[in-house]
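The values are calculated or read from the model by the stated rules, or taken from the named source; none is laboratory data. Everything numeric in this text was worked out from a predicted model, so none of it was measured. Ideal geometry is used to build each Cβ from the backbone, glycine not excepted, and the neighbour counts take in all protein chains shown. Surface accessibility is based on the protein's heavy atoms, side chains included, excluding ligands, DNA and RNA. Shrake-Rupley method; radii C 1.70, N 1.55, O 1.52, S 1.80 Å.
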Amino acid sequence: MKFSALVFIMICIVSEMGLTQTIDASLELSQINLRSLEDDNGHYNGGGDGDGIIFRIGVDSIPGDFHFVRYELGVKNERSNLSLTGGGQGGSIHYETEFEKTVLFGAVYPLNLRFAKFFQFSAGAQGNLLLHNKHSSNHSSSLVTGLSSSSFDSGSGKEKHNSFYLSLTLRQSLTIPINKKLSVQGIVYYTRNSLRELDTFLKVSSRSLSAGLGATWNLDATN
């Protein structure tokens, strides 16, 4: 099941190549924010941040200002930290981790709008497949009786990271033509991951903002 979304996107890209209007590639830098969604009188809290680098390729099919679909495939590398604390009068639990992970992703954007030929806004969904995760984590807990425990874990593996999760993605781009076929793009993405990204004792929301530059090749243009 975890491969089905990415396979579907790849099939769509291949099947749509005959209708493709443009092919583009981009490189972006991202800032990541993680935070706990649970708040019980201050007993549960936590969060973290990070950064990353993203490479992606995309195709726009079915030409038109409103009626077209966008597909993307890419890979991203992220480095983040996360600290979570929970508990009450009976004791507490604490979890800290630093991790670097590599993710393969595919995205479909059914909503696409163009303005003044050069501006484009897209909204869609993204499937993410974890390829590699290197982490360094610490788990600790304590009770009012004085009992406590702690453990440390490091290395490669999932370690609180699920193999597959979905994201909501918004994209904005500004296209600057160089000639009839080639253009450069300034691109901004906002991505919010589902709660299935991390499997911790608190629900954690992860969101990122990325910006970068890309190049676009217009297949419909004539020399």
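Segment 169-218 and segment 120-147 have Cα centres spaced 21 Å apart.
How high is the FRET efficiency between F115 and N162 when r is their beta carbon distance and R₀ equals 45 Å, given to the nearest 0.05? Plugging the Cβ-Cβ distance into 1/(1 + (r/R0)^6) gives 0.75.
For L131, the residues whose modelled amide H falls within less than 5 Å of its own, excluding neighbours fewer than 5 places apart on the same chain, are T102, V103, L104. Per-residue packing, averaged as other Cβ atoms within 10 Å, sorts the ranges 153-163, 190-200 into the order 190-200, 153-163, beginning with the highest.
Packing here is the average count of other Cβ atoms within 10 Å per residue, and on that basis the peptides 45-56, 115-126, highest first, run 45-56, 115-126.
Take segment 115-223 with all the other protein chains still there, run a 1.4 Å probe, and you get 56 Å² of accessible area per residue. Label-point separation (nm) for I178 and L147, each offset 7 Å from Cα along Cα-to-Cβ? Here the answer is 6.7 nm between the modelled labels. Computed from the C-beta positions of A25 and I93 and an R0 of 35 Å, the FRET efficiency is 0.20 to the nearest 0.05.
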